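Comments concern the structure below.
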Amino acid sequence: MASVRFTVTPTKAEDLPGLSDTSPDISSRSGARVRFGSRESVTRSDPLSEASGGQAGGAGDGDSPENSTLDQGDGNSKISSVYINNTHGVDDDDFYDRNLALFEEEMDTRPKVSSLLNRLANYTNLTQGAKEHEEAESIGEKKKAGKSPQMGTFMGVYLPCLQNIFGVILFLRLTWVVGSAGVLQALCIVFICCCCTMLTAISMSAIATNGVVPAGGAYFMISRSLGPEFGGAVGLCFYLGTTFAGAMYILGAIEILLMYIAPKAAIFESKLPEGEGAAMLNNMRVYGSICLLLMSLLVFVGVKYVNKLASIFLACVIVSIVSIYIGALVSIFKPPNFPVCMLGNRTINGHGIDEGQCEKTILIQMGEPGERDDANFTMFNENSTAVPTFDPSVTPSLVESTTFLWKQFCQAPELNASCDEYFLNNNFSEIEGIPGMASGIISENLWSNYLSKGEVVEKGSLVSSHDNHPASNHHPYVFADITTSFTLLVGIFFPSVTGIMAGSNRSGDLKDAQRSIPVGTILAIVTTSIVYLTSVLLFGACIDGVVLRDKFGDSVKGNLVVGTLAWPTPWVIVIGSFFSTCGAGLQSLTGAPRLLQAIAKDNIIPFLRVFGHGKSNGEPTWALLLTALIAELGILIASLDLVAPILTMFFLMCYLFVNLACALQTLLRTPNWRPRFSYYHWTLSFLGMIICLALMFISSWYYAIVAMVIAGMIYKYIEYHGAEKEWGDGIRGLSLSAARYALLRLEEGPPHTKNWRPQVLVLLKLDEDAHVKSPRLLTFASQLKAGKGLTIVGTVVSGNFLQSYGEALAAEQTLKHLMDKERVKGFYQCIVAQKPREGISHMIQSSGLGGMKPNTVVMGWPHAWRQSEDPQSWKTFINTVRVTTAAHLALLVPKNISLFPSNSEPCTEGFIDVWWIVHDGGMLMLLPFLLRQHKVWRKCAMRIFTVAQMEDNSIQMKKDLATFLYHLRIEADVEVVEMHNSDISAYTYERTLMMEQRSQMLRQMRLSKSDREKEGNPGSGSSRPEAGGPTRSQAQLVKDRNSMLRLTSIGSDDEDDTDTANERDRDRPPTVTASNTGAGGNGNGGSSEHRRVQMTWTKEKASQYRAAHSGCSTPEGFRDMLSIRPDHSNVRRMHTAVKLNEVIVNKSHDARLVLLNMPGPPRNTDGDENYMEFLEVLTEGLERVLLVRGGGSEVITIYS
């Protein structure tokens, strides 16, 4: 190969001459000026190279004679062909793909490697998240060239994950979790939740690094790994979880606002203690709804403002956490002063208690008369209800007064008032709420202290009397607002570890997503896990247990509990947590609508399509509206502790399926499963799945069941009504593995009679317009199957496969649409063959796989076969009967299929009659039972008739048959029909005679095309039209008296007869036949077309035959032929058919369906047409008939 020297100079697409910015084919991405040799330079960009046939990139996808390449060289443009046989005077050196001339035919559909790599190198992974929405909002700004993503691991993954993981639970509930569960169980809770997210992150990293993952996060990964059904179900669960997370963050922000920032802003207040909780919930609902409205408006106005505020909110979170650690260290040397008032061992609500007022009574020293100011009081605390004793040195100006707490426990402020018994027997004391890390308080906080709703928060180390005295909610104790347990705390805490998908959601913004996502996500989880675990230890070591169990900080005068530990002031935590929760709520309201929009745009859930639309810039307006409505439902719940378990369920469901996807792909060893992240194993994924499932039921079993039911309903909805998507998912791979395993198991031995069920091959015929001629055949098959078992629908297209491939695809689509319409679950197959009978034979031989081969063939009766000018309909029918018999398959032939009921026409009453004439393995017994499983035939009763001859004991036969049916567990009426020997009637004889005359006539009229061409002098027959034997009008003389069907001439025989004519002629005397010279056998051209007799044999035998049978070629000979005598065996068969038909019509004329043994075709093919006539006679006068021919094996048994 000659070497090519080239230089690359950066340039812009706008520099191309004659091309404007508005050209649809020109990208704003930078291209390259490629200089080949020193002769010319080509300026191009990717879309230009594609549009122009790909000169610089190779032959490309568009190399065809019609395409041309635009060469920019020396300022002169020229159009030239890309093929090397170029006759336009262009030097061959200009075409560097001349060395691939051998493959130039393939380059129309298969690109060269160079052009493929070039397109891949210029692929830009555009984000589907908020970034392009933010850019789209910048109206008026000139669009700049798209820059490649530049975000690294720290800014792109680590910090966003931190912001999403740290949230409201850390600031509002973690101290309460530690106080209730104890340090050990709290560490267990945190560890389990962090293990769950870590294992999920490992699985997610494997999936995210297995190819390019566009922004879309968990939904994209799960749907592409587990298929649209699981993807849609889990995607919607993830969406609901994100939406409820937004509601939870808003409720957290309002709780901080109303509890710790502006308590007086409450709208609803209750004068009674019992109503305080309800009043607070109403306040949360009102303020939460207002906050949700404002946040939704902010998101609607512009997502860029949300993104700009994100860094501020993250800074608030980090500052708050740092202040907690600093405060914990400072508490070693100087614990903060937060005294907690205790009555006995019960915690007192600190609201309204002034400093030094944690007493029952106080001594007040009065000043001079007239100088009694509050500033001049001197108070002496007295914490006893005994009568005070005074020192003589004390001046008489001291006055004993009751405190605020006295008034809360006693009925009056006087010293002699009636007071609560527990109050009288216990004294007040003050303990340090934050004793500090060096105090050893952690020993008290190690163990759990779960409370029921309404119990008082107590300190076990303090002594009290009358412990059993009940506490009234009218007293200022600190009460537990809900019943706590380990499982409840798991559900409440778990949302604080969610948010690990933030990195994968931003994969479009990352410089190297396959490296950044695993490293950044796992580092973020490690960081947050360390923070949570150390926070549990710090809280347990620094804060007293009664303060930890005080959810809202009532004992420390309404301060945020975690804020009491913060340095330098609790307001750092209060303000920081407020802004961080607001930011997290905004992020949820920003991300959830885009997730819903992504699901809607995938078009897997039809009723969500409307949410795929939005503003002109792509902002998901309708999705945002739905998100706000769902979030409002969460806000109306109004309790953070009730909303948290809801989103716990949805997130756990999502994480469970992420682990499932990774485990499945690993175990199935899918060829496409090649993750760049290699530190994963299927056991880790399964462990993550088990933890997720366990956490779901541990935290709230009823919420878990509800979440699973929702996901299951979505799954089934997508399965039945959703758009069909093929994403190469793992469930498809699992199905393939399971199918392979099952098929191999089925191959181990023949199926037992108990396991026999009809595996149906339905043969359908298509007309010229590719429409199914008898769609009711498929309806009947669906009724027979009742939606179970194997169903293969097949058809044959005549022609050559190379030329008829398009027709075969169209035929398959026709079958597919019909199967969808009839709701038949199965497979469709189309075979292209030169002759239909060969195609049917091939289909019967090759359909199915292994143990899943069809054992029953359903085919239609050749309608109006007597009138048909083409004998192939009934010849193909009989050939198929023979093939199914040879293959030991059962055969079902519904006659008058157009009269069979559709699936929407159930039979309200009637009978299914079975005429059991010969035993065929039990098919006749089993088929009515299967049909009655379907709603159409369910109300039909079953009757079984059998035929007794003169020598049979009909009474005993009836008993035996009833016993047999009893053992088969089939309910049916039994009747034995006696057929007496009788003479053959004149009608039977005449019917047989007319059948044979008709057959003889048609055999004489058939003359193969090849025989005509082999005849010597073509002109000899033109002067003797009468030599052609019986004419069309003479053929019409032969009528069937019973059916009154006119006979028409049969056209030229099929190619089978042509191909095998010579072989047959060697074995038997020739048949004198006649045919139209026209290929079509026009019905009107009989008189004008010349006919002649064609003889095939040796000349000697032909002359002898012509001398012996010369009379048959004349009209007089034709009249002699009409006087032939019928064959005796045919008369006997016709007699049987007529007699049976009389009996069947007499007994079953009102039956909804008649099932009848189908007699086998004759061994000698000469009697095929007579066989068709016998079947016609046998079924005359019956509306719906099902001819049944067993496959030779038993299909029903009396044994269990």
Item to check | Selection within the range 463-490 - of a type outside the set (D, E, K, R) and open to solvent by 50 Å² or more (accessible area, probe 1.4 Å) | outcome: V463, H466, N468, P470, N473, H474, F479, T483, F486, T487
Checklist entry - Which ones in the range 785-810 are under 28 Å from the mean Cα position of the chain (by Cα) and not polar (S, T, N, Q)? => result K785, A786, G787, K788, G789, L790, I792, V793, G794, L809, A810
Checklist entry - Which one of E726, E719 is acidic (D, E) and at pLDDT 80 or above? => result E719
Item to check | Single condition G179 does not satisfy, out of (1) within 23 Å of C582 (Cα to Cα); (2) buried (at least 24 other Cβ atoms within 10 Å of the Cβ) | outcome: (1)
Next on the checklist: Residue under question is T175, and the condition is that it be of a type in the set (S, T, Y), modelled with pLDDT of 90 or more and under 35 Å from the mean Cα position of the chain (by Cα); does it hold?
Outcome noted: no
Checklist entry - What residue, of L625, L537, L560, is over 30 Å from W176 (Cβ atoms), in contact with a helix residue (DSSP H, G or I) (Cβ under 9 Å, 6 or more places away or on another chain) and not aromatic (F, W, Y)? => result L625
Next on the checklist: Filter the range 402-436 down to the residues that are open to solvent by 40 Å² or more (accessible area, probe 1.4 Å), in contact with a strand residue (DSSP E or B) (Cβ under 6 Å, 6 or more places away or on another chain) and at pLDDT below 85 and list them by number.
Outcome noted: P413
Checklist outcome for this item: By my count, helices (runs of 4 or more DSSP H) wholly in the range 148-265 with at least 1 residues that are among the charged types (D, E, K, R) and over 18 Å from I646 (Cβ atoms) are 217-226, 228-256
Checklist entry - Right, V562: at negative phi, surrounded by 22 or more Cβ atoms within 10 Å (Cβ to Cβ) and over 46 Å from the mean Cα position of the chain (by Cα) or not? => result no
Checklist entry - Is it the case that I500 is at pLDDT below 90, in contact with a Ser or Thr (Cβ under 7 Å, 6 or more places away or on another chain), surrounded by 18 or more Cβ atoms within 10 Å (Cβ to Cβ) and not in a helix (DSSP H, G or I)? => result yes
Checklist entry - Within the set of pairs 6+ apart or on separate chains, which have a first residue in the range 960-971 that is among the small types (G, A, S), a second that is surrounded by 14 or more Cβ atoms within 10 Å (Cβ to Cβ), and C-beta atoms under 7 Å apart? => result A962/V974
Checklist outcome for this item: Within the range 607-629, residues being open to solvent by less than 30 Å² (accessible area, probe 1.4 Å) and in a helix (DSSP H, G or I) number 6
Item to check | Extreme residue, farthest from S846 (Cα to Cα), among residues of the range 886-916 that are of a type in the set (V, I, T) and open to solvent by 10 Å² or more (accessible area, probe 1.4 Å) | outcome: T908
Checklist outcome for this item: If we ask which residues in the range 184-197 are buried (at least 19 other Cβ atoms within 10 Å of the Cβ) and either among the acidic types (D, E) or farther than 18 Å from L488 by Cα (or both), their number turns out to be 1
Checklist entry - Does G231 satisfy being among the small types (G, A, S) and either modelled with pLDDT of 85 or more or more than 23 Å from V497 (Cα to Cα) (or both)? => result no
Checklist entry - Which number in (1) in contact with a helix residue (DSSP H, G or I) (Cβ under 7 Å, 6 or more places away or on another chain); (2) surrounded by 17 or more Cβ atoms within 10 Å (Cβ to Cβ) marks the one condition that V330 misses? => result (1)
Checklist entry - Within the range 1179-1194, can you find the residues that are closer than 16 Å to L891 by Cα and open to solvent by 30 Å² or more (accessible area, probe 1.4 Å)? => result R1189, G1192, S1193, E1194
Checklist entry - Can T880 be described as over 31 Å from the mean Cα position of the chain (by Cα), under 19 Å from P758 (Cβ atoms) and either surrounded by fewer than 19 Cβ atoms within 10 Å (Cβ to Cβ) or free of Cβ contacts under 8 Å to residues at least 24 places away in the same chain (or both)? => result no
Checklist entry - Considering only residues of the range 1160-1178 that are in a loop (DSSP other than H, G, I, E, B) and in contact with a helix residue (DSSP H, G or I) (Cβ under 7 Å, 6 or more places away or on another chain), which is surrounded by the fewest Cβ atoms within 10 Å (Cβ to Cβ)? => result G1160
Next on the checklist: Considering only residues that are at pLDDT below 85, buried (at least 16 other Cβ atoms within 10 Å of the Cβ) and outside any loop (DSSP other than H, G, I, E, B), which ones fall in the range 302-327?
Outcome noted: V303, K304, V306, N307, L309, A310
Checklist entry - Among the residues of the range 597-618, which ones are under 24 Å from I250 (Cβ atoms) and touching a Leu at 6+ places or on another chain (Cβ under 7 Å)? => result I599, F611
Checklist outcome for this item: Checked the range 902-918 for anything in contact (Cβ under 8 Å) with a residue 60 or more places away in the chain, part of a loop (DSSP other than H, G, I, E, B) and touching a strand residue (DSSP E or B) at 6+ places or on another chain (Cβ under 9 Å); matches are C907, G910, I917, V918
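The values are calculated or read from the model by the stated rules, or taken from the named source; none is laboratory data. Keep in mind that what you see is a predicted model, and the values were worked out from it rather than measured. Note that we place each Cβ from the backbone using ideal geometry, even for glycine, and neighbour counts take in every protein chain shown. The accessibility values were calculated without ligands, DNA or RNA, using every heavy atom of the protein model including side chains. Shrake-Rupley method; radii C 1.70, N 1.55, O 1.52, S 1.80 Å.
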